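The values are calculated or read from the model by the stated rules, or taken from the named source; none is laboratory data. Keep in mind that this is a model prediction, so the values were computed, not measured. A quick note on method: Cβ atoms are made from the backbone with ideal geometry, for glycine too, and the neighbour counts reach across all protein chains shown.
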Amino acid sequence: MARQNNYPATLRVDYPKQLDRVSSFFRIFWAIPILIVIGVLTSSGETTYITETGKEVTNGGSGIAGGLFAATLLMLVFRQRYPKWWFDFNLELNRFSARVGAYLFLLTDKYPSTEDTQSVHLDVKYPDAKKLNSFLPLVKWFLAIPHYIVLAFLFIGVVFATIIAWFSILFTGTYPKGLFDYVVGVGRWSLRVNAYAMLLVTDEYPPFSLQ
């Protein structure tokens, strides 16, 4: 348990004693505006244009998160630096994404704020780039493959847990605590993998744990 608690990426969501039935019933529709916002932030920005010869060319980007990952990887490999403002932006983007996820999966009734923490507490420690392995960022995505496989199955469980919780909220106004802890735990696991493989803030391999 101590190792999980000391991992440089943490996620906690306040358990709600009572949830609004009407808001939960229409959640998928009320979440559309904020999903559009986060979609714009993380989209690839693919563009198509016609050259002078009449050839159609598609220019696809990797999105803000992908661009920051690539830039951070290069800085760590060649300069052993992790620019603080890149980290801060990535951290806030992940916090915002977590608030959107918590709202979408019925963990809270609070409409996702672009700034305030609300009931979702996500934190990632800023790394000392000099202490990070210079070449490990090149293979972290590969080393994390076992986690991706396990998470794929866990996210299927999240979908079923959310459906069961939706019915529970409609009839009782409460989110079953066991299901709540499971959904948050999957989010916590996913965050640790993201911190290791994409944010590149740590060389410590993520634990296979929901805690």
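In segment 94-108, the qualifying residues are those that are more than 15 Å from Phe29 (Cβ to Cβ) and of a type in the set (A, V, I, L, M), and the one that is surrounded by the most Cβ atoms within 10 Å (Cβ to Cβ) is Leu107. For Phe167, the requirement of being surrounded by fewer than 16 Cβ atoms within 10 Å (Cβ to Cβ) and either of a type in the set (Lys, Arg) or under 18 Å from Ser24 (Cβ atoms) (or both) is met.
Sub-8 Å Cβ pairs linking a first residue in segment 6-30 that is touching a residue at least 12 places away in the same chain (Cβ under 8 Å) and more than 14 Å from Leu107 (Cα to Cα) to a second residue that is hydrophobic (A, V, I, L, M, F, W, C) and in a loop (DSSP other than H, G, I, E, B), at least 6 apart or interchain, are Pro8/Val201; Ala9/Leu199; Ala9/Val201, ordered by first then second residue.
Consider segment 100-129 and keep the residues that are of a type in the set (Ser, Thr, Tyr) and at pLDDT 95 or above. The one that is farthest from Asn90 (Cα to Cα) is Thr108. Restricted to segment 1-91, the set of strands (runs of 3 or more DSSP E) holding at least 2 residues that are among the β-branched types (Val, Ile, Thr) and modelled with pLDDT of 90 or more comprises 9-13.
Being aliphatic (A, V, I, L, M), buried (at least 17 other Cβ atoms within 10 Å of the Cβ) and over 18 Å from Asn194 (Cβ atoms) is true of Ala161.
For Pro146, the requirement of being in contact with a helix residue (DSSP H, G or I) (Cβ under 9 Å, 6 or more places away or on another chain) and at pLDDT 95 or above is not met. Restricting Pro176, Pro146 to residues that are surrounded by 13 or more Cβ atoms within 10 Å (Cβ to Cβ) and of a type outside the set (A, V, I, L, M, F, W, C) narrows the list to Pro176.
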